[in-house]
Amino acid sequence: MRKVFVTDMDDVIVELADAWVRHLNFHYRTKVQIEDLTSWGMSEMFPTLTSEEIYSVLSKPEFWQGVKAKEGSPEVLQKLIDEDYEVYICTATSYNNLQVKVINCLLKYCPWVTNHHIICCHNKGLIKCDYIVDDYPPNFRGSDAITFLMDRPWNKNCDEQLYDFRVHSMQEVYDIIKELEMISDEQT
């Protein structure tokens, strides 16, 4: 039976927060550093900006065209596909921004993606899968999958009981999966 691998897009496959902070700092002359993001609330980190100023950029194609891939993530996803895993990208993004972000960013790094590979969902615990990667621990609630928390400044102090493994790259996720599967094969 094929293993099902689910991954978040933002700050797992691509470096959204880095691009977003750079954009806001440049356009509004602020000086927030990515390390300052101790929670995912961008409004908290940019209290002098309106919600419109903070979030409107997410609907702009030119912004997404400048968002870079997280090092190694697209290559690891391709490797999983080549090894016959079912790979899905699950994003909690607003459906209003989904098309612009997929067309102008995700497809550049993961050209194999079709509408069958994308899930738009906040409660990722509803998804039946073997492995799931995210940067926001509450997204794991209710999941029976092996969970991987992508290390980011806003999740440094989260409850370790919310995830199985804290990782720093998709390659690290891949290595742990291979080790877990090797141990499982040895036990059967």
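The values are calculated or read from the model by the stated rules, or taken from the named source; none is laboratory data. These numbers were taken from a predicted model, which means no experiment stands behind them. No Cβ is skipped: glycine too gets one built from the backbone with ideal geometry, and neighbour counts run over all protein chains shown. Note: areas computed on protein heavy atoms with side chains; ligands, DNA, RNA excluded. Shrake-Rupley method; radii C 1.70, N 1.55, O 1.52, S 1.80 Å.
A single member of SER184, SER169, SER143 is free of Cβ contacts under 8 Å to residues at least 60 places away in the same chain and in contact with a Lys or Arg (Cβ under 8 Å, 6 or more places away or on another chain), and it is SER143. Taking the criterion of being in contact (Cβ under 8 Å) with a residue 40 or more places away in the chain, open to solvent by 40 Å² or more (accessible area, probe 1.4 Å) and more than 16 Å from the chain's Cα centre (by Cα), the residues of the stretch 83-97 that qualify are ASP84, GLU86. Here the condition is being under 17 Å from the mean Cα position of the chain (by Cα) and more than 30 Å from ILE146 (Cβ to Cβ); of VAL32, VAL100, it holds for VAL100 alone. What are the residues in the stretch 28-82 that are outside any helix (DSSP H, G or I) and open to solvent by 70 Å² or more (accessible area, probe 1.4 Å), if any? ARG29, LYS31, GLN33, THR38, TRP40, PRO47, THR48, THR50, LYS60, LYS68, GLU71 - these are the residues of the stretch 28-82 that are outside any helix (DSSP H, G or I) and open to solvent by 70 Å² or more (accessible area, probe 1.4 Å). Taken over the stretch 6-27, the criterion of being open to solvent by less than 20 Å² (accessible area, probe 1.4 Å) and more than 16 Å from ASP135 (Cβ to Cβ) is satisfied by LEU24 alone. Applying the criterion of being surrounded by 13 or more Cβ atoms within 10 Å (Cβ to Cβ) and acidic (Asp, Glu) to the residues of the stretch 155-180, the residue that is nearest to LEU126 (Cα to Cα) is ASP164.
Taking the criterion of being crowded, with 22+ Cβ neighbours inside 10 Å, out of contact with any Ser or Thr (no Cβ under 7 Å at 6 or more places or on another chain) and assigned to a helix (DSSP H, G or I), the residues of the stretch 103-154 that qualify are CYS105, LEU106, ASN139.
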